[in-house]
1. Every residue in the range 12-68 that is in a loop (DSSP other than H, G, I, E, B) and more than 24 Å from ASP98 (Cβ to Cβ), please.
2. What tally of residues in the range 8-56 results from selecting those that are hydroxyl-bearing (Ser, Thr, Tyr) and under 24 Å from ALA112 (Cα atoms)?
3. With farther than 30 Å from ARG66 by Cβ, modelled with pLDDT under 95 and not charged (D, E, K, R) as the only criterion, which of TYR103, TYR174 stands out?
4. So, of the residues in the range 160-186 that are among the charged types (D, E, K, R) and in a loop (DSSP other than H, G, I, E, B), which turns out to be most open to solvent (accessible area, probe 1.4 Å)?
5. Looking only at the range 69-88, which residues are in a helix (DSSP H, G or I) and either aliphatic (A, V, I, L, M) or under 19 Å from the mean Cα position of the chain (by Cα) (or both)?
6. Looking only at the range 93-107, how many residues end up being crowded, with 16+ Cβ neighbours inside 10 Å and either part of a loop (DSSP other than H, G, I, E, B) or in contact with a Lys or Arg (Cβ under 6 Å, 6 or more places away or on another chain) (or both)?
7. Name the residue, out of ALA118, ALA157, that is over 18 Å from GLY94 (Cβ atoms) and surrounded by fewer than 11 Cβ atoms within 10 Å (Cβ to Cβ).
8. Only one of (1) open to solvent by less than 80 Å² (accessible area, probe 1.4 Å); (2) outside any loop (DSSP other than H, G, I, E, B) is not met by HIS136, so which one is it?
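The values are calculated or read from the model by the stated rules, or taken from the named source; none is laboratory data. Every value quoted in this text rests on a predicted model; they were computed, and no experiment measured them. No Cβ is skipped: glycine too gets one built from the backbone with ideal geometry, and neighbour counts run over all protein chains shown. The area values use the complete protein model at the heavy-atom level, side chains included, leaving out ligands, DNA and RNA. Shrake-Rupley method; radii C 1.70, N 1.55, O 1.52, S 1.80 Å.
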Amino acid sequence: MPEKSADSQKPAEPKVRKLDPHSLRGLAHPLRIRLLGALGRYGPATASQLAERLGESSGATSYHLRQLAAHGFVEDAPEHGKGRERWWRASQDGTQFDEALIYDTDPATRGAAEVFLAEIVKIHEQELSTWLGASHTWPMEWRRSSELSDFTLKLTAEQTHELVLKVHDLINSYRDLPPSEGTEMVRFHTHAFPVHSK
């Protein structure tokens with residue numbers, strides 16, 4: 001039996017879409033960001049199922065799903081459909097924000113960048129608050145495995161970028177582990193930013 005090459009043992013690279021001005025404007029709405037996140041995390045769903053999960057009306061989720069589809073973020077998942085209800089799935093594993101969008105010459109793009117980033121911060125805050133409020137309901141092994149830490153380092157911009165990429169590579173190396181007993185969905189947030197030292 002031939003040995004597997006080193007490349008075949010590497011975890012599959014996630015399909016990540018880099019946001020450009022046009023796609024960012026299509027995504028930069030709080031409900032669209034949450035819809036795309038829910039589809040990415042929990043898998044295909046209908047507008048009605050997403051409305052129930054997110055506490056929205058099915059009319060709103062249906063409209064914003066069509067907008068996401070028009071910008072290529074979601075697509076039909078016909079293999080899940082039974083009857084007339086339309087099923088949707090994310091078209092990629094994630095999105096990548098290009099920091100250059102903050103400095104775009106078009107004020108509409110800069111505004112969309114602000115909306116997008118503010119919503120990501122809000123989602124992270126909500127997820128942390130939910131964990132802190134419910135953590136006592138999880139077994140101690142999960143409490144010990146959770147992480148709320150911060151670090152202060154003296155780095156250049158280049159070193160900071162290198163460290164961020166290394167963290168991403170490490171997290172992605174766990175992406176395709178074989179299923180095992182006791183597996184749960186785990187969220188990792190990473191934040192890195194400079195602060196004035198005086």
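1. GLY43, PRO44, GLY55, GLU56, SER57
2. 1
3. Result of the check over TYR103, TYR174: TYR174.
4. GLU181
5. Of everything in the range 69-88, those that are in a helix (DSSP H, G or I) and either aliphatic (A, V, I, L, M) or under 19 Å from the mean Cα position of the chain (by Cα) (or both) turn out to be ALA69, ALA70.
6. 2
7. Only one candidate passes the filter, namely ALA157.
8. (1)
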